[in-house]
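Scroll down for the structure; my scribbles are underneath it.
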Amino acid sequence: MDTEFIWTRTYKPRLGLIQIALSDEDCRLIDPLAIEDLSPLGELLADPKVVKIFHDAPQDLAILHSATGKVARNIFDTKLAAGFAGLSSSLSLGNLIEKLLDIHLAKTETRTNWLKRPLNTKQVSYALDDVRYLRAVRVLLLNRIIGPEIKSWLQEELNLFNDTAHYICDNRKNRYHKIRGSKDLDARSLAILRELSFWREQTAMQKDRPRGHILPCPTLIALCKKRPRTLKELKELDGISENALKLYGSMLLKAVDAGLGCPAENLPHPQKTIRLNQKENNALRQLHEFIQLKSSVQQIDPALIGNSTELKQLIKHLFSQNSPPPPRQTQGWRKRFLADFFRYSI
């Protein structure tokens, strides 16, 4: 399965097309612009007896959940599976198909407006090719995985797709942590950013506009640092247009005031950069070497074990119990993968 969507001037992506391959030859297109009732598709997605194959599933699952209201079950993600099959877990579908099947997919329709009708022959062919080879890719990937233990690790990851929290972020109040520049702010400025970010989220949702079209992230950060209290001070701030001042000026000042008035006990904790001492850096180097060696032996992508921040956080936790552990590396298959490192290296 696959979806095509447009996400340029709206709060959420607009679904333009759904592709389904029942076999390599039997590929279908579903037009969500023409079909109001997508409940049969929702039932298929929710059926735990039917494997649904995607490449890079999270975005598609989020869009299909919004369109059908159903939670998908029994998902197979070829992008994820590639990482357990001796390949990179960041391969595009085109590169994966080329590597496994020696078939080159055309990339001529990547800028298509999938909301426009009718679609031409090239666009239809391009869309169908995105699902035509997924079944074959799944079979080849499963055959490449070297043993039942690693297949169980893959299944553990795939099971996460049964929970919408894995691909839908609904906590609008805490989106401020994702804004670039938030790590440089103190607790009071973060409280202001939390209020501004929540206001922007609500406004973008109500107007069905992208967050950045309401107010760009650098302007939010500047508001947190300058902390304007009056319209005059607000006008002196770079990055706010006359139109934005007219539309949102009073609301921005209200959000700044709310952040400044936040009680000390409710202030957010600044996100500290993880700094390692020499001993911890040596342990981090050993951890990287361990992951590279064991990943090579078991033929999985070392990137699956964790990103740079997670591995630093893990080392910090091992040397200081006051430092919180990274969740992914201290549970499930990753914890088992790292067990020998925990046992012998620290």
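The values are calculated or read from the model by the stated rules, or taken from the named source; none is laboratory data. Because the structure is a prediction, the values reported are computed rather than measured. Because the Cβ atoms are built from the backbone with ideal geometry, glycine has one as well, and the counts that use them run over all protein chains shown.
Which condition from (1) in contact with a Lys or Arg (Cβ under 8 Å, 6 or more places away or on another chain); (2) surrounded by 15 or more Cβ atoms within 10 Å (Cβ to Cβ); (3) under 18 Å from L17 (Cβ atoms) is the one that L115 breaks?
L115 satisfies all of (1) in contact with a Lys or Arg (Cβ under 8 Å, 6 or more places away or on another chain); (2) surrounded by 15 or more Cβ atoms within 10 Å (Cβ to Cβ); (3) under 18 Å from L17 (Cβ atoms) except (2).
How many residues does region 67-102 hold that are farther than 16 Å from A136 by Cβ and either out of contact with any Leu (no Cβ under 8 Å at 6 or more places or on another chain) or in a loop (DSSP other than H, G, I, E, B) (or both)?
12
With the checklist (1) surrounded by 16 or more Cβ atoms within 10 Å (Cβ to Cβ); (2) at negative phi in hand, flag the one item T108 doesn't pass.
(1)
If I ask for residues that are touching a Ser or Thr at 6+ places or on another chain (Cβ under 7 Å), charged (D, E, K, R) and part of a helix (DSSP H, G or I), which ones from region 296-322 would you list?
K316, the sole residue that qualifies.
Which members of region 190-220 meet the condition of being more than 13 Å from L252 (Cα to Cα) and in contact (Cβ under 8 Å) with a residue 40 or more places away in the chain?
L190, A191, A204, M205, K207, D208, R209, P210, R211, H213
Do we have any residue at all in region 184-203 that's at pLDDT 95 or above, part of a helix (DSSP H, G or I) and aromatic (F, W, Y)?
yes
So P325 passes all but one of these: (1) part of a loop (DSSP other than H, G, I, E, B); (2) out of contact with any Gly (no Cβ under 9 Å at 6 or more places or on another chain); (3) farther than 22 Å from H177 by Cα; (4) not assigned by TED's automatic domain parsing to the domain that holds L185. Which condition number does it fail?
Tallying (1) part of a loop (DSSP other than H, G, I, E, B); (2) out of contact with any Gly (no Cβ under 9 Å at 6 or more places or on another chain); (3) farther than 22 Å from H177 by Cα; (4) not assigned by TED's automatic domain parsing to the domain that holds L185, P325 fails exactly one: (3).
For region 205-295, give me every one of the helices (runs of 4 or more DSSP H) that falls completely inside it and has 1 or more residues that are surrounded by 14 or more Cβ atoms within 10 Å (Cβ to Cβ) and touching a Leu at 6+ places or on another chain (Cβ under 7 Å).
Once the helices (runs of 4 or more DSSP H) in region 205-295 are filtered for at least 1 residues that are surrounded by 14 or more Cβ atoms within 10 Å (Cβ to Cβ) and touching a Leu at 6+ places or on another chain (Cβ under 7 Å), what remains is 217-226, 231-235, 242-260.
This table checks each residue for (1) over 30 Å from A81 (Cα atoms); (2) at pLDDT 95 or above.
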residue	(1), (2)
N243	yes, no
L260	yes, yes
P263	yes, yes
H288	no, yes
I300	no, yes
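Could we say that L61 is modelled with pLDDT of 95 or more, surrounded by 15 or more Cβ atoms within 10 Å (Cβ to Cβ), assigned by TED's automatic domain parsing to the domain that holds S39 and within 24 Å of the chain's Cα centre (by Cα) here?
Yes: the conditions hold for L61.
With respect to K316, determine if the residue is among the charged types (D, E, K, R) and farther than 19 Å from F84 by Cβ.
Considered against the rule, which asks whether it is among the charged types (D, E, K, R) and farther than 19 Å from F84 by Cβ, K316 comes out as yes.
Sort out which residues of region 103-135 are over 26 Å from the mean Cα position of the chain (by Cα), assigned to a helix (DSSP H, G or I) and of a type in the set (A, V, I, L, M), and write them in order of number.
Residue satisfying the conditions is V124 alone.
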